[in-house]
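Below: one structure, written as structure tokens.
Here, each number is a calculation from the coordinates, and none is a lab measurement. All figures in this text were calculated on a predicted structure; none of them were measured in a lab. Glycine also receives a Cβ, built like all others from the backbone with ideal geometry; neighbour counts cover every protein chain displayed.
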Amino acid sequence: MKTRHKARELAVQTLYAMDFNNEMDKDHIPMGFSGTTEAEFADLEEEVKLYGSYLVKGTIENLDQINDLITRFSLNRPLNRIDIVDRNILRMSVFSLLYGDIHPHIVIDEAVKLSQDLSTEVNYKFINGMLDTMQKQLFPIEGSTKHDSTEDSSAN
């Protein structure tokens with residue numbers, strides 16, 4: 001688990017740097033991770049390199065769809081007004097929800113942890129709320145919607 005968390009952390013740092021430099025496109029995907037030297041990169045576990053690179057590349061390759069979803073679910077903050085760190089945590093997390101094989105609750109928990117570690121104290125609540133709402137509406141988990149469907153039928 002520590003390995004995947006490290007990969008997510010490096011991926012967010014790299015996406016942040018790409019976003020900060022207005023290089024959020026396939027032509028600017030780095031070979032390594034932003035903020036790591038060649039020696040540090042060489043010392044990383046292979047799984048960290050592979051998973052982190054997968055997250056960066058996948059997020060960039062699906063950026064239009066990801067940004068559209070974030071815009072759709074962020075009712076009070078336009079995409080460009082979301083803090084740059086949080087915006088990229090959201091992007092990577094939405095990519096993981098869309099294309100990953102990880103349980104949605106783990107994706108959300110990891111996003112919250114990353115926000116607590118890398119962003120301001122309260123922004124994790126925004127990330128948690130957005131991803132939770134998105135997950136419930138777009139990626140319902142079997143067994144957890146039984147109560148919701150009962151409420152819907154009783155409202156008629």
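Among residues of the range 1-16 that are of a type in the set (Asp, Glu), those with a Cβ under 9 angstrom from a residue that is surrounded by fewer than 23 Cβ atoms within 10 Å (Cβ to Cβ), sequence gap 6+ or separate chain, pair up as Glu9/Asp117; Glu9/Leu118. A search for C-beta distances below 7 Å between a residue of the range 108-121 that is without any contact (Cβ under 8 Å) to a residue 24 or more places away in the chain and any residue that is surrounded by 15 or more Cβ atoms within 10 Å (Cβ to Cβ) and not small (Gly, Ala, Ser), counting only pairs 6+ apart in sequence or on different chains, returns Ala111/Ile89; Ala111/Ile127; Ala111/Leu131; Val112/Tyr124; Val112/Ile127; Val112/Asn128; Gln116/Tyr124. Checking each residue of the range 102-111 against the condition of being surrounded by 15 or more Cβ atoms within 10 Å (Cβ to Cβ) and either among the hydroxyl-bearing types (Ser, Thr, Tyr) or farther than 21 Å from Val56 by Cα (or both) gives no match. Here the range 26-50 is the region considered, the condition is being of a type outside the set (Val, Ile, Thr) and closer than 24 Å to Ser119 by Cβ, and the residue that is surrounded by the most Cβ atoms within 10 Å (Cβ to Cβ) is Phe33.
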